[in-house]
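**Q** Could you have a look at this structure, given as structure tokens, before my questions?
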Amino acid sequence: MIIVIDKTDVPIYAALVTAVVTIVGWFITKALERQQKRVEFRRSYIQRQIEEFYGPLYSLVWQIFSSNSLQHLIVTQCALNSEEREKVRNYFFEMHFLPLHTRIREILETKLYLVDGTEMPLSIYEYLTHSQQEDIQRQLWTIHRVSTIAVPGKPFPPKFFPMIESTLKKLMREYEISVEQLKSGYSASDRAMAKEADAERKLMQRVAEDAR
């Protein structure tokens, strides 16, 4: 079927085609802008998770491990009597373990909303139980000389540091991807969509020119 366009209608059809091209371009542009804003928001949130939560926790827990290893070496390999070993343990607790645990609890108290995901990892509850109990029992002995040796302490949760480390690595990968997306302007899928829309606009423009 051949459609014949009256010459007097050519300007109208050309104007309609031009309008459609303009509208399609506007919607494509807005879609790309919304996508870029989503990427920017996600990148900003991930940056906060890394800088304010997982990054500091990773560093602080690693310092606890490092201090504990050094304490073990001093106590086991140096020629110390029982009183000297107790002084070493007290020193490490007061000057290293206690401040580090205090800083970790402060982060968990004030930045818990930055936890990745919708559920709280069990290892966080286990860590808080371990840290609080250790602090209380230690102070009862050092300040009041009240022995609580009959109450077994909670061990440092073995899954706490791996949880922090794996989540930090995941967030750093996501952050890098979001940065690359912002550098390019939009994602590969957006570029494909824009390329397709551009080809469509060019086709419609040719139709408009032919109609003239």
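**Q** Could you pull out the residue among 8, 18 that is at pLDDT 60 or above, more than 30 Å from residue 111 (Cβ to Cβ) and assigned to a helix (DSSP H, G or I)?
**A** Numbers: 8 fails: at pLDDT 60 or above.
So the residue among 8, 18 that is at pLDDT 60 or above, more than 30 Å from residue 111 (Cβ to Cβ) and assigned to a helix (DSSP H, G or I) is 18.
**Q** If you don't mind, another one. Can you find a residue that is part of a helix (DSSP H, G or I), more than 29 Å from residue 178 (Cβ to Cβ) and either modelled with pLDDT under 95 or among the basic types (Lys, Arg) (or both) anywhere in the range 104-124?
**A** Yes; the residues of the range 104-124 include at least one that is part of a helix (DSSP H, G or I), more than 29 Å from residue 178 (Cβ to Cβ) and either modelled with pLDDT under 95 or among the basic types (Lys, Arg) (or both).
**Q** For the range 45-100, what are the residues that are β-branched (Val, Ile, Thr) and over 30 Å from residue 170 (Cβ atoms)?
**A** Within the range 45-100, 74, 75, 76, 88 qualify.
**Q** Return yes or no: is residue 80 surrounded by fewer than 15 Cβ atoms within 10 Å (Cβ to Cβ), touching a helix residue (DSSP H, G or I) at 6+ places or on another chain (Cβ under 9 Å) and either modelled with pLDDT under 95 or of a type in the set (A, V, I, L, M) (or both)?
**A** Numbers: surrounded by fewer than 15 Cβ atoms within 10 Å (Cβ to Cβ): yes; touching a helix residue (DSSP H, G or I) at 6+ places or on another chain (Cβ under 9 Å): yes; either modelled with pLDDT under 95 or of a type in the set (A, V, I, L, M) (or both): yes.
Against the criterion (surrounded by fewer than 15 Cβ atoms within 10 Å (Cβ to Cβ), touching a helix residue (DSSP H, G or I) at 6+ places or on another chain (Cβ under 9 Å) and either modelled with pLDDT under 95 or of a type in the set (A, V, I, L, M) (or both)), residue 80 qualifies.
The values are calculated or read from the model by the stated rules, or taken from the named source; none is laboratory data. Fair warning: this is a prediction, and the values are worked out from it, not measured in the lab. When we count neighbours, we look across all protein chains shown, and the Cβ atoms used for this are built from the backbone with ideal geometry, even at glycine.
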